[in-house]
Amino acid sequence: MIQVSNVTKLVNGVPLYSEASFQINEGEKVGMVGPNGIGKTTFFNMIVGEDRPDEGQISVGSNIRVSYFSQNVGEMSGMSALQAVIDGNEKVAQLSAKLKTFEEKLCDPDLDPDEMNKILEQMGDAQTEFEKLGGYEIETNAQEILTGLGIKPEDHIKDVSLFSGGWKMRIALAKVLITLPDLILMDEPTNYLDMETILWLEQWLKNFKGAILLTSHDREFMNSVVKKIVEISPNGVTSYTGNYDFYEQEKEVRKKQNEAQFGRQQAMLKKEEEFIAKFKARASHAAQVQSRVKKLEKIDRVELESEQEQMSIMLPEIPRGGNDVVMFKGLSKEWDQTDGSKLEVFKNLDGLIQRQDKVAVVGVNGAGKSTLLKVICDMTDPTSGEVKLGPSINVGYFGQFSMENLTPENTIFEEMRSKLPNASDGFIRNLLAAFLFKGDEVFKKVKVLSGGEKSRVILAGLLSKPFNLLVLDEPTNHLDIGSREVLLDALQRYEGTIMFVSHDRYFLKELSSKVLEVDKGSIHLFPGKYESYLEQVANRT
């Protein structure tokens, strides 16, 4: 179906990968993994013909229909969300226009009988193909996909230009799904999606009969959808048959095998080189020495595979605060609407967060999770009620719009200096190095950084300060899986209190000690980890 053969791709003369080979078979669901910047999106662009390899080739089977969802949505306006999705299936749109033309011609009373028969024959062929591609159900399917992706039925008729960037991403995703191609390429499809939408998309992809090649920073999503992993690393491109968990286990096995093979060869080489050094001056051993020299010249050297560099987060000592960290009573919040009405987010919430709790704040999209965190951090006022922080509580906040608070013209170093005015240059350098900004990289301007790099800058400043309450709204957005797991490790070691929102189920399961559910204007505090919460929710339904 798709055959990648000995592909080498250069960027500024430096290879992203060399002699890379893998294939995607019919109906196969494949995850592509590797750190940010390693070249995953480049592979997608080469498969769809937007880029080309410097060496090798990528073969796409004849008549294979490929749809590509990327992070570059492009401009969408001048039509409803529903029409935009329907038009996303260009073949169906073309056939629909062709059928309409045939119908108009058949209405001509002066139409020649022979011409009529010719048109009817062509119309029959077009109708057959139209039906095969789901043309007669396309509006219903488009409505189902839009609703599944979280866009309410009453919003299907809204002009696309009225949607925010995150919602336009969902419409763009719907335009890809509606085509029902032979292969879907998906570059980070879960970005900007809430939990309910991720679960819907997960199920849709599992039921999809075609092949899929996707990248995602959500390991639970990968585990559920894919059955094969293609890893891109500095060591090359390697395929693993299994989901993400299997890939991690198998990679560790291969790493140990590589280390053992390398160790055995190094021991053998040392022994041979010692023999050569000891006897090279003796005529009686000349033949043996020469034989061993030739043997070493011909031997294939085992390379020790390099480790992928990860963040290394050192936490400051956290000062102890009061046992009651966050108390809220009768807390209500309304937002003013453009038409003058009020939108009630939540009402009369009572709650208590205690020292060293790690509280996952959950709820459906729009339930008020982010608003609750902002009220707690005094970033917006409650409509009524009050929030009290315990004695000696210092709050550090990471929000969905924290990146907008960075100064675009600052270098990374200058940005960190503004956060830590009393720190030495050496401390800031070491801190940034721990977050993978090394050497001259610290002089890159904020405005040229990727989303993941900006997140690392913000987290570096946040986690280097002695806050004893961290309020984190989607801290894993834009971080790759490796960086998410390093952040998770740091937060598990963190000795203060955490309240956090995340749509990453692995992160929720591993970090939470309690779950605060915001639901229909009320809250419920569940003791125990996220998996325990899911069991309790399943039992109550």
| Does GLY426 satisfy the condition of being out of contact with any helix residue (DSSP H, G or I) (no Cβ under 8 Å at 6 or more places or on another chain) and either in a helix (DSSP H, G or I) or of a type in the set (A, V, I, L, M) (or both)? | yes
| query | How many residues, within the stretch 496-541, are hydrophobic (A, V, I, L, M, F, W, C) and in a strand (DSSP E or B)? | reply | 10
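The rows are residues; the columns are (1) modelled with pLDDT under 95; (2) closer than 25 Å to PHE246 by Cβ.
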position	(1), (2)
LEU16	yes, no
ALA20	yes, yes
GLU28	no, yes
GLY34	yes, yes
ILE47	yes, yes
GLU50	yes, no
GLY56	yes, no
| message | Criterion first (outside any loop (DSSP other than H, G, I, E, B), charged (D, E, K, R) and either in contact with a Cys (Cβ under 9 Å, 6 or more places away or on another chain) or surrounded by 16 or more Cβ atoms within 10 Å (Cβ to Cβ) (or both)) does LYS447 satisfy it? | response | no
| remark: Filtering the stretch 55-83 for residues that are farther than 30 Å from VAL14 by Cβ, crowded, with 18+ Cβ neighbours inside 10 Å and in contact with a strand residue (DSSP E or B) (Cβ under 9 Å, 6 or more places away or on another chain) leaves a count of 2
| remark: Scanning the stretch 196-214 residue by residue, those more than 19 Å from the chain's Cα centre (by Cα), of a type in the set (Lys, Arg) and either over 22 Å from GLU139 (Cβ atoms) or part of a helix (DSSP H, G or I) (or both) turn out to be none
| Set ASP519, ASP489: member being under 23 Å from the mean Cα position of the chain (by Cα), assigned by TED's automatic domain parsing to the domain that holds LYS329 and of a type in the set (D, E, K, R) | ASP489
| remark: Result of the Cβ filter at 6 Å on the stretch 3-20, keeping first residues that are farther than 18 Å from GLY37 by Cβ and partners that are among the charged types (D, E, K, R) and exposed (fewer than 14 other Cβ atoms within 10 Å of the Cβ), at least 6 apart or interchain, is ASN6/GLU19
| request: Tell me, please, whether a residue that is without any contact (Cβ under 8 Å) to a residue 60 or more places away in the chain, of a type in the set (A, V, I, L, M, F, W, C) and buried (at least 16 other Cβ atoms within 10 Å of the Cβ) can be found in the stretch 507-517. | output: yes
| message | Among the residues of the stretch 416-468, what is the count of those that are touching a Pro at 6+ places or on another chain (Cβ under 7 Å) and of a type in the set (Phe, Trp, Tyr)? | response | 0
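Test SER216 against the stated conditions and say whether it is closer than 24 Å to LEU508 by Cβ, among the small types (Gly, Ala, Ser), touching a strand residue (DSSP E or B) at 6+ places or on another chain (Cβ under 9 Å) and surrounded by 14 or more Cβ atoms within 10 Å (Cβ to Cβ).
Numbers: closer than 24 Å to LEU508 by Cβ: yes; among the small types (Gly, Ala, Ser): yes; touching a strand residue (DSSP E or B) at 6+ places or on another chain (Cβ under 9 Å): yes; surrounded by 14 or more Cβ atoms within 10 Å (Cβ to Cβ): yes.
It is true that SER216 is closer than 24 Å to LEU508 by Cβ, among the small types (Gly, Ala, Ser), touching a strand residue (DSSP E or B) at 6+ places or on another chain (Cβ under 9 Å) and surrounded by 14 or more Cβ atoms within 10 Å (Cβ to Cβ).
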| message | Just to check your reading of the model, which residue among LEU173, LEU193 is surrounded by 15 or more Cβ atoms within 10 Å (Cβ to Cβ), touching a residue at least 60 places away in the same chain (Cβ under 8 Å) and in a loop (DSSP other than H, G, I, E, B)? | response | LEU193
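For the condition within 25 Å of SER80 (Cβ to Cβ), out of contact with any strand residue (DSSP E or B) (no Cβ under 6 Å at 6 or more places or on another chain) and in contact (Cβ under 8 Å) with a residue 60 or more places away in the chain, what is the one hit in ALA142, ALA97? Write out each step before concluding.
Values: ALA97 fails: in contact (Cβ under 8 Å) with a residue 60 or more places away in the chain.
Within the list ALA142, ALA97, the selection yields ALA142.
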| List pairs: first in the stretch 321-344 and part of a loop (DSSP other than H, G, I, E, B) and β-branched (Val, Ile, Thr), second loosely packed, with under 10 Cβ neighbours inside 10 Å and modelled with pLDDT under 90, Cβ under 8 Å, 6+ apart or cross-chain? | none
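Looking for whichever is within 25 Å of the chain's Cα centre (by Cα), within 19 Å of VAL395 (Cα to Cα) and among the hydrophobic types (A, V, I, L, M, F, W, C) here; the options are LEU534, LEU470, LEU508. Which one fits?
Numbers: LEU534 fails: within 19 Å of VAL395 (Cα to Cα); LEU508 fails: within 19 Å of VAL395 (Cα to Cα).
One residue alone meets the criteria, LEU470.
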| Extreme residue, farthest from the chain's Cα centre (by Cα), among residues of the stretch 1-56 that are of a type in the set (Val, Ile, Thr) and in a loop (DSSP other than H, G, I, E, B) | VAL48
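The values are calculated or read from the model by the stated rules, or taken from the named source; none is laboratory data. Keep in mind that this is a model prediction, so the values were computed, not measured. Because the Cβ atoms are built from the backbone with ideal geometry, glycine has one as well, and the counts that use them run over all protein chains shown.
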